[in-house]
Amino acid sequence: MNIRKKVAWTLPAGLNRYAALDSWVAAAEDEDWSEAEIQFVIDEVVEAEDDAAGLAVLAWYSRF
């Protein structure tokens, strides 16, 4: 899936990728992202090698 849009969201400091993902999903839902788009990002974050890589995925799909 080629998602080009970004969520208006600020990454809270000190969270691991799963806690940050929870917050990101809420913001994406507020911006009417489709379930498929949200699931795609969830899969990328969960499959990331470590927290840093997972947080980088969230940063890619975010505008600060």
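Where a number appears in this text, it was derived from the coordinates with a stated rule and is not lab data. All figures in this text were calculated on a predicted structure; none of them were measured in a lab. All Cβ positions, even for glycine, are placed from backbone atoms using ideal geometry, and neighbour counts span all protein chains on display.
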Every listed condition ((1) part of a loop (DSSP other than H, G, I, E, B); (2) loosely packed, with under 14 Cβ neighbours inside 10 Å) holds for LEU15 save (2)
Count, please, the residues in region 36-64 that happen to be closer than 13 Å to ILE3 by Cβ and more than 12 Å from the chain's Cα centre (by Cα).
1
Looking at (1) among the β-branched types (Val, Ile, Thr); (2) outside any loop (DSSP other than H, G, I, E, B); (3) surrounded by fewer than 18 Cβ atoms within 10 Å (Cβ to Cβ), find the lone condition where VAL57 falls short.
(3)
Within region 33-54, residues surrounded by 19 or more Cβ atoms within 10 Å (Cβ to Cβ) and farther than 16 Å from ASN16 by Cα come out as TRP33
